[in-house]
Amino acid sequence: MVRYYNDDCTYRLPEKRRTAAWLKRVAHEEGYTLGDVTYIFCSSRVHRKMNIDFIGHDYFTDVITFDYSDLRGEGVVSGDIFIDVETVRDNARIYGATALHEMRRVVVHGLLHLCGQKDKTPRAEKQMHKKEDKYLARFNEDQTKAQTEDQAEAQTENQAEAQTEARNKE
């Protein structure tokens, strides 16, 4: 189950249910079952303090992942993923992405850490980015597919209404 909370900010991730379903598919593709994963969107102040207190790093970062997964036993990914919404927004500007696209990148990045993906070496970082891009593309493909299905359904409904109107006029 995926849960979303806020700490010292008002950020709201759009399409939470769809995002949770996407994350479940990502975990499955990585060979795991999605367990309890909590996303906490927070301010830079809160996030930096956590970075200092728990990791010993005195700088801003976009995501901190606390991993409670059982990858060797049951293969269930679980954890708490803290996301600094201000740093994500800044990074979106730097990388020329939308804030939402960058947020989704960081959301899947945290889950990939729970699935065992590292990013501390150049090779591992390249692999992480490759996976992020792959899963972001799938999220966007799913969105396009859903929109196309919605349009087709609306068109079918419109045609049925037009046929009913035509029969009623006869």
Among the numbered criteria (1) of a type outside the set (S, T, N, Q); (2) out of contact with any helix residue (DSSP H, G or I) (no Cβ under 6 Å at 6 or more places or on another chain); (3) farther than 22 Å from LEU13 by Cβ, which single criterion is violated by LYS118? (2)
Filtering the stretch 33-72 down to residues that are in contact with a Leu (Cβ under 9 Å, 6 or more places away or on another chain) and hydrophobic (A, V, I, L, M, F, W, C) yields LEU34, VAL37, PHE41, LEU71
Can you give me the number of residues within the stretch 11-54 that are of a type in the set (Val, Ile, Thr) and out of contact with any strand residue (DSSP E or B) (no Cβ under 9 Å at 6 or more places or on another chain)? 1
It is to be established whether one or more residues within the stretch 9-17 are in contact (Cβ under 8 Å) with a residue 24 or more places away in the chain and in contact with a Ser or Thr (Cβ under 7 Å, 6 or more places away or on another chain). yes
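Those residues that are outside any helix (DSSP H, G or I) and buried (at least 20 other Cβ atoms within 10 Å of the Cβ), I need them from the stretch 27-39; list them, please. Show your work before the answer.
Going residue by residue through the stretch 27-39, those that are outside any helix (DSSP H, G or I) are 30-39.
Listed by number, the residues that qualify are TYR32, LEU34, VAL37, TYR39.
Out of all the residues in the stretch 10-26, which are assigned to a loop (DSSP other than H, G, I, E, B) and open to solvent by 30 Å² or more (accessible area, probe 1.4 Å)?
Pass one, the stretch 10-26, residues assigned to a loop (DSSP other than H, G, I, E, B): 10-15.
Of everything in the stretch 10-26, those that are assigned to a loop (DSSP other than H, G, I, E, B) and open to solvent by 30 Å² or more (accessible area, probe 1.4 Å) turn out to be THR10, TYR11, ARG12, PRO14, GLU15.
The values are calculated or read from the model by the stated rules, or taken from the named source; none is laboratory data. All figures in this text were calculated on a predicted structure; none of them were measured in a lab. Cβ coordinates were reconstructed from backbone atoms using ideal geometry, including for glycine residues, and neighbour counts include every protein chain displayed. Note: areas computed on protein heavy atoms with side chains; ligands, DNA, RNA excluded. Shrake-Rupley method; radii C 1.70, N 1.55, O 1.52, S 1.80 Å.
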